[in-house]
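The values are calculated or read from the model by the stated rules, or taken from the named source; none is laboratory data. The shown structure was predicted, so the numbers you read here are calculated from the model rather than taken from an experiment. No Cβ is skipped: glycine too gets one built from the backbone with ideal geometry, and neighbour counts run over all protein chains shown. Heads up: the accessible areas ignore ligands, DNA and RNA and are worked out on the full protein's heavy atoms, side chains in. Shrake-Rupley method; radii C 1.70, N 1.55, O 1.52, S 1.80 Å.
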Amino acid sequence: MPPRRKLSDLDRGRAIGWLQDSVAARQVAQRLAVAPSVIIRLKQRFHATGRVQERQRSDRPRVTTQREDLFIQRQAMQQRMATANNIRQRLQATTNTVVSGQTIRNRLHNFDLRARRPVLGTTLTAHRAARRAWCTQHVRWQRQQWAQVLFTDESRFCLEPADGRIRVWRRRGERFAEGAVRERQRFGGGSVIVWGGISTRLRTPLYHVEGNLTGVRYQNEILQPLVVPALQVKRSALVRFFRMTTHLPIALQL
């Protein structure tokens, strides 16, 4: 059943005027597009009170007090993952007040707290904690200080993209037709690792890393032949070298 249309104060006054002009209640209801019972109740209310406005309705009495509302908010803020039923059980155990889970949600909505899916974050391991500590230590560095730093890193590039969303146009029965089959190399067709370094004043040559890059190879093949000469050329500007590893940045002081 569609909701009943509520008459405005202007429509109520017009309806009373038509009724006083001897217009039938059914005709008045048709003019205002409402049910005849609405006009009949309006006529009875006007004769009883002399007013066309509806009486003030009292709201449903609240089950919880203001102090209990603050308790609900505090429980949600202290344990963000707690459900409405968990908070309801704690409220009942603490204050002996029995409410429903929807009442808990309504109280939290009053405090502008709504249940949302949490953002998925990466677990903060010891390595990530060390990186964050390093970033916190250098967060207030000025541009002149960062100009004295050389950043380097290695990047792996796959020779064949592994995008599974590639589509092909074909008719029914042409699944294995020539031109509709996409060849794929196992394990992505191999990859290439490239090393490089940049700063505000220079950049190192790209170095193709073959095989596993150990600490000894990194020192003999990259640090000595590539990094040290570059820093010596810009010795007046570059005095530190940072390499981001899985642990902490490694500093090379000239």
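Take the residues of the stretch 149-174 that are open to solvent by 100 Å² or more (accessible area, probe 1.4 Å) and either modelled with pLDDT of 80 or more or part of a strand (DSSP E or B) (or both): which is farthest from V209 (Cα to Cα)?
Kept after step one, since they are open to solvent by 100 Å² or more (accessible area, probe 1.4 Å), are these residues of the stretch 149-174: 156-157, 159, 162, 165, 167, 169-172.
When the remaining residues are screened for being either modelled with pLDDT of 80 or more or part of a strand (DSSP E or B) (or both), the result is 156-157, 172.
Values: R156: 10, F157: 12, R172: 47 Å.
Only one residue fits best here, namely R172.
Residue-wise test of (1) free of Cβ contacts under 8 Å to residues at least 24 places away in the same chain; (2) surrounded by 13 or more Cβ atoms within 10 Å (Cβ to Cβ); (3) of a type outside the set (F, W, Y).
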position	(1), (2), (3)
V52	no, yes, yes
Q75	yes, yes, yes
T83	yes, yes, yes
S100	yes, no, yes
R117	yes, no, yes
A126	yes, no, yes
A129	yes, no, yes
T136	yes, no, yes
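Determine, yes or no, whether W146 is of a type in the set (A, V, I, L, M, F, W, C), surrounded by 10 or more Cβ atoms within 10 Å (Cβ to Cβ), at pLDDT 80 or above and touching a helix residue (DSSP H, G or I) at 6+ places or on another chain (Cβ under 7 Å). Walk me through how you get there before you give the answer.
Numbers: of a type in the set (A, V, I, L, M, F, W, C): yes; surrounded by 10 or more Cβ atoms within 10 Å (Cβ to Cβ): yes; at pLDDT 80 or above: yes; touching a helix residue (DSSP H, G or I) at 6+ places or on another chain (Cβ under 7 Å): no.
Answer is no for this residue.
I'd like to check which strands (runs of 3 or more DSSP E) are fully inside the stretch 182-254 and have at least 2 residues that are modelled with pLDDT under 85. Lay out the reasoning, then the answer.
On the way: elements: 191-198, 207-209, 240-243.
Filter on the stretch 182-254 gives 240-243.
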